[in-house]
1. Just to be sure I understand: of the beta bridges DSSP finds with both ends in the chain, what percent are antiparallel, rounded to 5?
2. Springs between alpha-carbon pairs under 10 angstrom, Gaussian network model over the chain: which of 113, 135, 71 fluctuates most?
3. Run through region 17-102 and list the trypsin sites (Lys or Arg not before Pro) located in a DSSP loop whose Cβ has at most 14 other Cβ atoms within 10 Å.
4. Relative contact order of the chain, please, whole-number percent, based on alpha carbon pairs below 8 angstrom and at least 6 residues apart.
5. Hey, what angle do you get for helix 62-84 against the long axis of the chain, alpha-carbon based, 0 to 90 degrees rounded to 10?
6. Averaged per residue, what accessible area in Å² does region 64-155 show with a 1.4 Å probe, protein chains only?
7. Any chance you could give the angle, 0 to 90 degrees and rounded to 10, that helix 109-124 forms with the longest Cα principal axis of the chain?
8. Would you kindly derive the ³J(HN,Hα) couplings of region 32-48 from the backbone phi angles with the Karplus curve 6.51 cos²θ - 1.76 cosθ + 1.60 (θ = phi - 60°), listing them in order in whole Hz, with x for Gly and Pro?
Amino acid sequence: YFMEKSVYVRMKENGIVLPKALSPVGLYLPVQQCGKLLFISGQGCIENGNYLTGRVGTDVSISEASRRASICMANTLAALDQYLGSLDLILKPVKLLGFVACDNNFTQQATVINAASKLLLDIFGEQGQHARSAIGSNSLPLGLTVEIESIFELV
């Protein structure tokens, strides 16, 4: 396997800047490796130390929730970068599990999580395609709007 451009070059081309990796807020590891698979604990929409809270359909718009989903994915990549030392060691994303805090009538969770998927496609190209689920929740830890758990495969 060979990607024609470094993940970091693609990130720069797409204006994606990795944040500082988040510290765990519980008794868990941010990344757990099993063979060539990396299991990433749920990464929330925390931006520059600010907890982005609220429920979609009540006090957060779909476009803002989508932005928050991409923040979750940036936090995921930061956790991977910290664990691996280089994102170029990743072959591909395998699976995303996205949670969206929303009111009972909201049904566009997949639209919100698309922003995280798009970020992966922008960075990894065709290799960025992945399996995914998008789930609505009445609340998430810390009151966050979006949380994404994921699995990646190493080269």
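The values are calculated or read from the model by the stated rules, or taken from the named source; none is laboratory data. Values in this document were obtained by computation on a predicted structure and should not be read as measured data. So basically every Cβ, Gly included, is an ideal-geometry build from the backbone, and we count neighbours across all protein chains shown. Just so you know, the surface numbers come from the protein's heavy atoms only, side chains and all, with ligands and any DNA or RNA stripped out. Shrake-Rupley method; radii C 1.70, N 1.55, O 1.52, S 1.80 Å.
1. Numbers: 22 of 31 bridges.
Of the beta bridges lying entirely in the chain, close to 70 percent run antiparallel.
2. Residue with maximal mean-square fluctuation among 113, 135, 71: 135.
3. Working: sites: 20, 36, 55, 67, 68, 95; in loops: 20, 36, 55.
Passing both the DSSP loop test and the Cβ count: 20, 36.
4. Working: 314 pairs, mean separation 53.9, N = 155.
In percent, rounded to a whole number, it is 35.
5. In the chain, helix 62-84 runs at an angle near 40 degrees to the longest axis.
6. Values: 3680 Å² over 92 residues.
Spelled out: the 1.4 Å probe surface of region 64-155, per residue, equals 40 Å².
7. Between helix and principal axis, roughly 20 degrees.
8. Result, ordered by residue: 10, 9, 9, x, 8, 9, 10, 9, 9, 4, x, 10, x, 8, 10, 10, 6 Hz.
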